[in-house]
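The values are calculated or read from the model by the stated rules, or taken from the named source; none is laboratory data. From a predicted model like this one, the values you see are computed outputs, not experimental measurements. Here the Cβ positions follow ideal geometry from the backbone for every residue, glycine too, while neighbour counts run over all protein chains shown. Protein only, heavy atoms only, side chains kept; ligands, DNA and RNA dropped before computing areas. Shrake-Rupley method; radii C 1.70, N 1.55, O 1.52, S 1.80 Å.
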Amino acid sequence: MSSSPDPALPAAERTAIVRDSLGVGIATGAYGVSFGAVSVAAGLDVWQTCALSLLVFTGASQFALVGVVAGGGAPLAGTAAALLLGTRNTLYGLKVGPLLQWRGWRRALGAHLLIDESTAMSVGRDSVPAARLGFLTTGVSIFVLWNLFTLLGALAGTAIGDPATYGLDAAVGAAFLALLWPRLDSWHHRVVALLAAAVALGAVPLTPAGVPVLAAGAVAVLAGLLRPAGRREEAS
Amino acid sequence: MTWVAVLLAAAGCYLLKLGGLSVPPRVLEHPLVRRVADLIPVALLAALIAVQVAASGSELVLDARLAALAAAAVLLVLRAPFLVVVFGSALLAALIRAVG
């Protein structure tokens, strides 16, 4: 339990990390069912939906891509939105890279599991084995369940027919709001969210579908440039 | 076209993850980069909500989707789990449409 890499993790610590990580993994993996249902409601087929969960494997980016497609936007505009949201995983990588200390193929494989939850369950551990255990248990359990539940949701969504009858099209907004909610923890973030929504709505009648969402990305850049004193928000 | 979008997103999102693990932390730890990166999810998710709820093609319309979003907000205030928020709001939209 020193700060140096210790290959022998105490059994009690090991058990606690695995238990917490599995808890997060199960809770998160299960909402793959909503992604699967929403994605086929947006017009993607079951294979495309499953490919997103297998290969993109970062929830907000996946929802963004299908959200843009659902709104009638060009699929590539959806890709752009997905990539913009994916940039936060780069920052997570900067944070957990020194903790995990992987090289070569381990790093290449581990990178696929780098998401909000695996980061949260590995930062703050006091040794490399503990960080790796939290990261892998969380990442692998979410990966397995997220893909399984995506398939279930996509099959169910396909089976029930027109998504509008069941309100599934309306659920996309709810899913985004649930993803945004924990980030509305400061006035700065709330103002940026409102401005971004206003810019997007203003752009809807003027630009092709998909562009309004990307235009709102400019609000983030401007707010970042204009608010050099906003240091308090960086703690999270 | 959808497949191209799916595979490009897959390749790009993977490289963004791998890049973060591979790049020395100092390269991207510029305060401005951190601030903007912190705000991008907020701005994009808010824009996605707005477009998802109020846009229909290139028109702005108010319908059952807005009520569903309000229901989602209430459920979030009540700390409901993600699945309850998503399917609860879907249920409300379905009910409004069935009645209207």
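Quick notes on this one:
Rundown of residues vs (1) more than 22 Å from A:ILE142 (Cα to Cα); (2) open to solvent by less than 50 Å² (accessible area, probe 1.4 Å); (3) within 14 Å of chain B (Cβ to nearest Cβ), yes/no style:
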position	(1), (2), (3)
A:ILE17	no, yes, no
A:ALA30	no, yes, yes
A:ALA37	no, yes, yes
A:ALA41	yes, yes, yes
A:TRP47	no, no, yes
A:CYS50	no, yes, yes
A:SER53	no, yes, yes
A:VAL68	yes, yes, yes
A:GLY71	yes, yes, yes
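- Single condition A:TYR92 does not satisfy, out of (1) part of a helix (DSSP H, G or I); (2) at pLDDT 95 or above: (2)
- Which numbered condition A:PHE149 misses (of (1) more than 21 Å from A:LEU52 (Cα to Cα); (2) in contact (Cβ under 8 Å) with a residue 24 or more places away in the chain; (3) within 13 Å of chain B (Cβ to nearest Cβ)): (1)
- Segment A:194-219: number of residues that are in contact with a Pro (Cβ under 9 Å, 6 or more places away or on another chain) and either open to solvent by less than 10 Å² (accessible area, probe 1.4 Å) or closer than 10 Å to B:VAL51 by Cβ (or both): 5
- Qualifying residue in segment B:52-68 (condition: at the interface with chain A (Cβ under 7 Å from one of its Cβ atoms), out of contact with any Phe, Trp or Tyr (no Cβ under 9 Å at 6 or more places or on another chain) and at positive phi): yes
- Breaking point among (1) under 30 Å from A:ILE26 (Cβ atoms); (2) more than 7 Å from chain A (Cβ to nearest Cβ); (3) over 19 Å from the mean Cα position of the chain (by Cα), for B:ARG26: (1)
- Residue within segment B:35-47 that is open to solvent by 60 Å² or more (accessible area, probe 1.4 Å) and either under 26 Å from A:PRO212 (Cβ atoms) or not in a helix (DSSP H, G or I) (or both) present: no
- Within segment A:55-66, being under 22 Å from A:ASP162 (Cα atoms) and open to solvent by 10 Å² or more (accessible area, probe 1.4 Å) holds for no residue.
- For A:VAL172, the conditions (1) open to solvent by less than 50 Å² (accessible area, probe 1.4 Å); (2) more than 11 Å from every other protein chain (Cβ to nearest Cβ) are fulfilled apart from (2).
- In segment A:73-127, the residues that are of a type in the set (Ser, Thr, Tyr), at the interface with another protein chain (Cβ under 7 Å from one of its Cβ atoms) and in contact (Cβ under 8 Å) with a residue 12 or more places away in the chain: A:THR79, A:TYR92
- Some residue of segment A:161-170 being in a helix (DSSP H, G or I) and under 18 Å from the mean Cα position of the chain (by Cα): no
- A:ALA77 vs. criteria part of a helix (DSSP H, G or I), open to solvent by 10 Å² or more (accessible area, probe 1.4 Å), farther than 30 Å from B:PRO25 by Cβ and in contact with a Gly (Cβ under 9 Å, 6 or more places away or on another chain): yes
- The single condition among (1) under 19 Å from the mean Cα position of the chain (by Cα); (2) surrounded by fewer than 22 Cβ atoms within 10 Å (Cβ to Cβ) that A:GLY153 does not meet is (2).
- Every pair of residues 6+ apart whose Cβ atoms lie under 6 Å, when the first sits in segment B:41-57 and is of a type outside the set (A, V, I, L, M) while the second is surrounded by 24 or more Cβ atoms within 10 Å (Cβ to Cβ): B:PRO41/A:LEU85; B:GLN52/A:GLY67; B:GLN52/A:VAL172; B:GLN52/A:GLY173
- Hits in segment A:194-210 - residues which are under 19 Å from A:GLY78 (Cβ atoms) and either touching a residue at least 12 places away in the same chain (Cβ under 8 Å) or of a type in the set (S, T, N, Q) (or both): A:ALA196, A:ALA197, A:VAL199, A:ALA200, A:ALA203, A:THR207, A:PRO208, A:ALA209, A:GLY210
- Boolean, A:THR207 is at pLDDT below 95, in a helix (DSSP H, G or I) and more than 22 Å from the chain's Cα centre (by Cα): no
- In the condition set (1) under 19 Å from the mean Cα position of the chain (by Cα); (2) more than 7 Å from chain A (Cβ to nearest Cβ), B:VAL85 is compliant with all but (2).
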